[in-house]
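A quick write-up on the structure given underneath.
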Amino acid sequence: MATPLPILIADDQRDVLEALRLMLKSEGIPAVTVTSPDAALEQARTREFSCVLIDLNYTRDTTSGHEGLDLLAKLRAIDADLPVVVMTAWGTIDVAVRAIQAGAGDFIEKPWDNKRLMSVLRNQVALGQSRRRGLRLEREVEILRGVDDEFVAESRAMQPVLELIRRVGPSDANVLVLGENGTGKGVIAKLLHVNSRRADSAFVKINMGGIAESVFESEMFGHVKGAYTDAKADRIGRFEVADGGTLFLDEIGNIPVSQQPKLLRVLEDGELERLGSSKTIKVDVRIISATNAELAADVARGSFRKDLLFRLNTVEIRIPPLRDRREDIIPMATRFLARCGMRYGKPSLRFSPSAERALLAYAWPGNVRELSHVVERAVLMAPVDVVDTLEFSLPDATRGSGPAESDAETGESLTLDAAEERMVRRALERSEGNIQRAAEVLGLSRAALYRRLEKFGIRAPE
């Protein structure tokens with residue numbers, strides 16, 4: 001169980017501080033004590049606390065409460081979500097009202113009643129925790145994305161991968177997942193998370209190649225209001241969102257060299273500071289990273305730190321390309337077919353024998369991602385309940401498993417308009433120019449089909 005955050009106590013009387021510290025200790029709550037407003041502010045800037053308990057009067061001014069109200073305002077400026085409870089031996093309704101209006105969570109008079117004081121502190125600590133959870137949930141909603149759960153691993157080539165997932169998943173070891181583009185490295189990362197003790201906590205994914213160097217620190221570590229021109233409010237970074245869970249750093253080879261020491265520091269110490277803040281925040285995060293690059297070669301070139309690589313690849317998992325796991329192609333394609341068929345209103349689609357042969361014969365340079373795209377296009381093109389070879393548009397699909405042609409990506413660049421035009425032309429061909437039958441095949445009215453013929457410049461059959 002994680003150690004609870006301490007309560008910060010500020011009072012100029014040492015016997016009061018000691019009495020409060022011992023009372024909290026007996027309740028299992030750690031405390032940090034200081035004797036001046038300046039010391040309290042220094043602690044608040046550099047550490048995390050669950051709550052702050054401050055006196056309103058100090059040695060410079062023992063009756064008005066101005067010192068304490070000034071301290072309260074400065075604490076609120078440092079962290080507006082940090083609960084603050086004020087106390088004074090010179091309590092008046094006026095001072096209490098001003099303290100509450102300035103942002104205090106509650107007000108205690110000296111001498112205090114232990115039972116009431118503990119009740120107030122527990123309530124304020126719970127309120128602070130609730131605020132932090134709310135901020136974290138807001139940030140999760142902003143950045144978390146679903147992970148494709150399609151996963152087939154029936155082939156012999158995938159068995160070592162499954163074994164590593166079974167062995168390493170339950171641990172907290174950092175894992176580096178290697179493989180060509182489109183092999184499903186993100187799915188493997190999610191499986192490692194699901195099989196860990198962190199499964200009930202957040203799985204946060206971030207593409208390192210998609211972060212501009214100028215916003216790297218803000219995205220990863222967060223920032224405080226005013227850290228830069230557009231920082232209008234405090235913002236939680238990815239590490240804090242993933243606290244207690246797993247952070248998946250995709251395309252880790254793309255992290256700028258200038259940012260690598262900052263990432264290394266968090267991996268080594270589990271500590272970070274939000275941009276614009278000197279307050280150290282502890283995080284407990286498991287790191288799974290992925291790349292299609294050869295990081296050892298990047299280390300040799302000086303574009304990737306050797307010590308960072310050591311931190312990332314406690315365990316290394318290499319995903320074989322789809323061409324080396326052909327037993328998985330048809331089961332995987334069938335899942336994609338069912339999913340896309342439901343999405344596009346064609347739930348009864350199936351592959352013809354020749355279509356399955358074409359899928360097995362193709363080299364799949366784009367791996368699982370390419371297979372998914374090819375099947376989705378085929379679902380769009382198929383005019384009947386059977387997906388045939390023609391719907392795939394694979395370059396040299398029947399040549400066998402040799403190297404793919406340089407135009408293997410041509411199919412992926414097909415626009416929706418181009419796909420729609422192709423469907424219309426194919427429906428006309430198969431219906432032998434019968435407009436009514438072609439419209440029925442496409443699920444359109446005759447008028448809608450005529451509009452598409454005009455749109456694509458297709459001459460209507462006589």
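The values are calculated or read from the model by the stated rules, or taken from the named source; none is laboratory data. None of these values were measured; they are calculated from a predicted model. FYI the Cβ positions are ideal-geometry reconstructions off the backbone, even for glycines, and counts take in every protein chain you see. Heads up: the accessible areas ignore ligands, DNA and RNA and are worked out on the full protein's heavy atoms, side chains in. Shrake-Rupley method; radii C 1.70, N 1.55, O 1.52, S 1.80 Å.
Only one of the numbered conditions (1) open to solvent by less than 60 Å² (accessible area, probe 1.4 Å); (2) in contact (Cβ under 8 Å) with a residue 24 or more places away in the chain; (3) touching a strand residue (DSSP E or B) at 6+ places or on another chain (Cβ under 7 Å) is violated by Glu271, and that is (2). For the range 274-289, the condition holds for no residue, the condition being that it is in a helix (DSSP H, G or I), loosely packed, with under 15 Cβ neighbours inside 10 Å and acidic (Asp, Glu).
The set of residues in the range 360-393 that are among the aliphatic types (A, V, I, L, M), farther than 13 Å from Lys346 by Cβ and at pLDDT below 80 contains only Leu390. The residues on offer are Glu271, Glu163, Glu213, and the sole one that is charged (D, E, K, R) and touching a helix residue (DSSP H, G or I) at 6+ places or on another chain (Cβ under 7 Å) is Glu213.
Screening Gly68 against (1) crowded, with 21+ Cβ neighbours inside 10 Å; (2) over 32 Å from the mean Cα position of the chain (by Cα); (3) modelled with pLDDT of 90 or more leaves a single unmet condition, (3). Here is the figure for the range 27-48: residues that are open to solvent by less than 10 Å² (accessible area, probe 1.4 Å) and in contact (Cβ under 8 Å) with a residue 40 or more places away in the chain total 1. For the range 52-61, state whether one or more residues are within 29 Å of Arg274 (Cβ to Cβ) and polar (S, T, N, Q). No, that holds for no residue.
Annotation: Ala231 fulfils all but one of (1) more than 17 Å from the chain's Cα centre (by Cα); (2) outside any loop (DSSP other than H, G, I, E, B); the unmet one is (2).
Taking the residues in the range 1-26 that are acidic (Asp, Glu) and part of a loop (DSSP other than H, G, I, E, B) as candidates, determine which candidate is most open to solvent (accessible area, probe 1.4 Å).
Pass one, the range 1-26, residues acidic (Asp, Glu): 11-12, 15, 18.
Then drop every residue that is not part of a loop (DSSP other than H, G, I, E, B), which leaves 11-12.
On the way: Asp11: 0, Asp12: 48 Å².
Looking at residues that are acidic (Asp, Glu) and part of a loop (DSSP other than H, G, I, E, B), I get Asp12.
What number of residues within the range 316-331 are assigned to a helix (DSSP H, G or I) and open to solvent by 10 Å² or more (accessible area, probe 1.4 Å)? Final tally of qualifying residues: 6.
Residues of the range 106-120 that are out of contact with any Ser or Thr (no Cβ under 9 Å at 6 or more places or on another chain), within 14 Å of Asp11 (Cβ to Cβ) and not in a helix (DSSP H, G or I): Pro111, Trp112.
Output yes when any residue across the range 79-95 is in a helix (DSSP H, G or I) and open to solvent by 70 Å² or more (accessible area, probe 1.4 Å), and no when none is.
The initial filter retains those residues of the range 79-95 that are in a helix (DSSP H, G or I), namely 93-95.
Still in the list and also open to solvent by 70 Å² or more (accessible area, probe 1.4 Å): 93-94.
Yes, that holds for at least one residue.
Among the residues of the range 171-184, is any among the acidic types (Asp, Glu), surrounded by fewer than 20 Cβ atoms within 10 Å (Cβ to Cβ) and outside any loop (DSSP other than H, G, I, E, B)? No; the residues of the range 171-184 include none that is among the acidic types (Asp, Glu), surrounded by fewer than 20 Cβ atoms within 10 Å (Cβ to Cβ) and outside any loop (DSSP other than H, G, I, E, B). None of Glu432, Glu462, Glu405 is of a type outside the set (Val, Ile, Thr), in a loop (DSSP other than H, G, I, E, B), modelled with pLDDT under 85 and on the phi > 0 side of the Ramachandran plot except Glu432.
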